[in-house]
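The values are calculated or read from the model by the stated rules, or taken from the named source; none is laboratory data. All figures in this text were calculated on a predicted structure; none of them were measured in a lab. Positions of Cβ are generated from backbone atoms using ideal geometry, with glycine treated the same way; all protein chains shown enter the neighbour counts. For the accessible areas, the whole protein counts, side chains as well, though only heavy atoms, and no ligand, DNA or RNA atoms are used. Shrake-Rupley method; radii C 1.70, N 1.55, O 1.52, S 1.80 Å.
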Amino acid sequence: MVPIGPGTFRMGETRPTPKSVFGQADYLARGDWDEHPVHEVEITYPFFIAEEEVTSAQFRAFRASFRGAEGFAPHASGVSWDEAVAFCAWLSAKEGKTYRLPTEAEWEYVCRAGTDTWFSTPDGKPPAPGAANPWGVKNLQTGVAEWCHDWHGEYPAEKQIDPVGPASGVARVVRGGGLDKRTPYYARAANRAGAPPNFPPKSVEEMAAMIRPAEPAAGQANPAAAAKATPANLKREMLYQNFVRSTPNRQGQHPIGFRVVCAPLPATAPLPAHRAYSNLGVAQSGPASAVGPSPARPWFRKRFLLPTPPENTPPAQLAAFRTLGLHRAMLRHHHSPGLEVCPNGDVIFVSYTAVSETDPNVALITTRLRFGADEWDPPDFLLDLPDIDDHAPMLWNDAGTLWFIWGANKLDSGFPFQWMTSTDHGATWSAVQFPLFTTAVGGYSAQPITNAFRDRTGRIQIASDAVGPESVLWQSDDNGATWRDPVGRSGGRHTAFVELRDGRILGLGGKSSQIDNFMPRAHSSDGGRSWTIARTPFCWLGSNQRPALIRLASGRLFFAGDLQNEKGSQPAGFSEHGALVALSDDDGETWHTRKLPGTQPHEDPARARQLGGDTLGYAVARQAPNGIIHLIATMTEPCLHFELNEEWILRGDERIARADDAALRRNTATRVRDVREFVERYPDGRVRLRYRGGIADDGRFVLHGKCTWLLPDGRPQREAEYALGALTGRESFRNEAGALAWTRDHAANDREPTTFTTYWPDGAVRTRSTWRDLHAEGTAVLLAPDGREQMRAEFEHGRVKSISGEPGEF
């Protein structure tokens, strides 16, 4: 153990991180988003820290079955945070001293050892393995990465004394090395990685003991071979090798170990944890979610989903986001969406935010369309497993319990997916859970698709990409306690699956395979163990395309997809371009189709020209309790949200066919009746929500009147005014401390812009921007806490025209 004295240092990345040195993406020129703002930290107490990480031999004294990985010998790796904490408790009891994991601040303080460079070596280059830093501590920037005590969260701007991190979170901090990538960039003193504390949920040895030999599928001698009966004219494109796990069945064998500190944990109060705006103020009761437009009359509506920015901003201009008050984690590309309708009628959307979808800094954002509101919430950061490519979110309403499922796309030691659940309409979520497999896992990509469902036996089926033009259904017969790979693979990537009335499983699509330019369909009569491939009547899909398929409450199947491949190719007989929706009364044997109005070209002009028609991009669909089908289109600018019902698909509507885009997006409510107040309370009886709403003349429930969210102490958190579902006047939102966080001054008509203002904790203006039709327009400014203008950007319909100044740490 090495003694460390009290001291002060600047926490976070204090220096540029040029691509010429580290080879990472250009926009990461000052480290990752979570390394800022750089702030002063004071450690007021002495402590002892281990000279090296805990070794495998030492860990075996705690757990005799531990093996460890040869690549990190002699130090222990593949240990969960939970097990590392248990080791510290065991060691404390054994020696009568207080051992624990280092706080994140202690770790960086020791790693820097009085320096402010990337590495603590005299030449500023990565240290040699085993070399001690100036304070005599080894391997902080080499060897295994290391668990810290803290939950991962955004840094505050102000000075901290003896910090211990946020009060809660999704990931515990990992320091000293990357997870997706093990390069010098991720070994810098300021770099922050992280993973859920139960990663892995059991020891590697216990998980290996759970796996039993797989049984061969029907007609297959080799259980590892996907059983498919395919026509001779099935053509497959072997794309997306970059997404395939390079080493299968390495779940939990990660490069994380730990070292110990000997000292009591500081008594500092933790910081408030970040909660996405869309997880706040969620109604738990109120109007019946079955209220909606008449199913006997055609219904169609279009909305813009995400604002621009952050949509489609060039990477070199990402700094302009700071003038708009957007979360530091938000990037330019939002894709691979998850969608679900909550039992209360709210619609939740989640997508990843990225520049490149295979980078470790990919994170997840979310927004919510609240029941009765006419527009989506402002998008907000949802979660980030730092230095892990958080990918392909999926949402599933399992009889009232929401599942949020996503993949760690490039983490070889990761699982095919992980999930969290919510029983309060997405207001709060469980800890992250990982699947424990009882079979070896065959080839796959850690990319959940659009569908999860329980079949008639109660078995859970979660759709995921496999290798190349194939998909797989991960299966659980015990409500998620254990999982298996069924061995079989479908005939297309991004396949959308449903169970048929006779118990078979149908998969449509998805992409990178075709039969005479038609999309393949796959049928399985044995629960996904084997598949028969045939042709659908739909066009095959390629890169940047994904179909949607769901079972409706009426019993019909609903399908959505493009009318042309991303290369612009179509099957013989196709004459229209764009996108279609379809209904089937006979489980996909025949379809009633209708071209979708209001679609838009691909966001990339070159791809738009290649497609030769509008696109849904990556589509996802769900049906609400009131019968409305919600359909999301991505890869357009901006992402789009369509509402439609079965009657519109079956009968059409001439008014909709003739309507321009503005008319398709217009609020159709003109009057409201039966307006009443709804009140929800905290357990102690204090008011939590108070809002008003009634039934509009188009059949919808709409918010109408004042809406207030209240903090537990009675202070207002959000105050807003609605008219026929639309926000009007000033809307204000306060953080958990009661400080004003932002306001939106909503325009009285479409011709006037909305002003969005964010604030410093003392109430001073931080950013001010104006928006029209969800696009930034005109001047946006970032002000320092003292009121000085720090940065200015000019926008024209969401596009950055000019940037002046630098955001600095603000």
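In straight-distance terms, cross-link reach from K595 covers every one of the lysines whose alpha-carbon lies under 28 Å from its own, apart from those fewer than eight places away in the same chain; here that gives K235, K302, K511, K567.
The loop-placed GluC sites (Glu not before Pro) in the stretch 732-810, going by DSSP, that have at most 16 neighbouring Cβ atoms within 10 Å of their Cβ come out as E736, E809.
Using every pair of distinct Cα positions in the stretch 450-500, the Kirkwood expression returns a hydrodynamic radius of 11.1 angstrom. Rolling a 1.4 Å probe over the protein heavy atoms of the stretch 290-434, with every protein chain left in place, gives an accessible area that is 54 percent carbon and sulfur. Normalising the Debye intensity of the stretch 1-59 to I(0), with uniform scatterers on Cα atoms only, and taking log10 at q = 0.13, 0.23 Å⁻¹ returns -0.61, -0.87. Mind grabbing the base-10 log of I(q)/I(0) for the stretch 730-810 at q = 0.14, 0.15, 0.17, 0.27 Å⁻¹? Debye formula, identical points on the C-alpha positions, no solvent, two decimal places. Each listed q maps to, in turn, -0.50, -0.57, -0.72, -1.23.
Pairwise over distinct Cα atoms, reciprocal of the mean inverse distance: report the Kirkwood radius of the stretch 620-734 in Å, one decimal place.
Working: mean 1/r = 0.0594 Å⁻¹.
It is 16.8 Å.
Each 5 Å bin from 0 upward holds the following percent of the Cα-Cα pairs of the stretch 261-390: 2, 9, 16, 18, 16, 12, 10, 8, 6, 2, 1, 0, 0, 0, 0.
Set the Förster radius R0 to 60 Å, insert the Cβ-Cβ distance between A663 and D26 as r into 1/(1 + (r/R0)^6), and round the FRET efficiency to 0.05. If you can, show how the numbers build up before the last one.
Details: r = 42 Å, r/R0 = 0.70.
Here the calculated transfer efficiency is 0.90.
Applying 1/(1 + (r/R0)^6) with r as the Cβ-Cβ distance of Q284 and R67 and R0 = 35 angstrom yields a FRET efficiency of 0.15.
If the cut-off is a Cα-Cα distance under 16 Å, which aspartates and glutamates reach K138, setting aside same-chain residues fewer than 8 apart in sequence? Output for K138: E51, E52, E53, E106, E108, E146. The calculated Kirkwood hydrodynamic radius for the stretch 673-791 is 16.0 Å, given to one decimal from all distinct C-alpha pairs. Taking the alpha carbon gyration tensor of the stretch 9-114, multiplying each eigenvalue by 5 and rooting it gives semi-axes of 32, 20, 11 Å, largest first.
Determine by what factor the alpha-carbon radius of gyration of the stretch 685-736 differs from 2.2 N^0.38 Å, reporting the quotient. Let's see the in-between values first.
Working: Rg = 12.3 Å, N = 52, 2.2 N^0.38 = 9.9 Å.
This ratio for the stretch 685-736 stands at 1.25.
On a full-extension model of 0.36 nm per residue, what is the gain between T121 and I211, subtracting their alpha-carbon distance, rounded to one decimal in nm?
On the way: separation 90, 0.36 × 90 = 32.40 nm, distance 4.54 nm.
Extending this stretch completely gives an extra 27.9 nm.
The candidates E677, E13, arranged from most to least accessible area with a 1.4 Å probe in the full protein assembly, appear as E677, E13.
The simple Förster model, with R0 at 41 Å and r as the Cβ-Cβ distance, assigns K94 and T708 a FRET efficiency of 0.15. Taking all protein chains as shown and a probe of 1.4 angstrom, H274 keeps an accessible surface of around 90 Å².
Ranking R15, R368, R609, R459 by solvent-accessible area of protein heavy atoms (1.4 Å probe, all protein chains present), from largest to smallest, gives R609, R15, R459, R368.
Treating only the Cβ of Lys, Arg, Asp and Glu as charged (+1, +1, -1, -1), what charge dipole size does the chain show about its Cα centre? Round to the nearest 20 debye.
Dipole of the chain, to the nearest 20 debye: 860 debye.
Looking at the chain, what % of the alpha carbon pairs are farther apart than 45 Å? Taking all Cα-Cα pairs of the chain, the fraction more than 45 Å apart is 26 percent. Helical runs (DSSP H, four residues minimum) scored at -39500 (n - 2.57) apiece and divided by the length of the chain put the mean residue ellipticity at 222 nm at -2000 deg cm²/dmol. Taking max minus min of the alpha-carbon positions on each principal axis, the stretch 486-635 gives extents of 44, 36, 27 Å, largest first.
Given N residues in the stretch 510-562, what is its alpha carbon radius of gyration divided by 2.2 N^0.38 Å? Each step should come with its number before you reach the end.
Working: Rg = 12.2 Å, N = 53, 2.2 N^0.38 = 9.9 Å.
Normalised Rg, Cα atoms only: 1.23.
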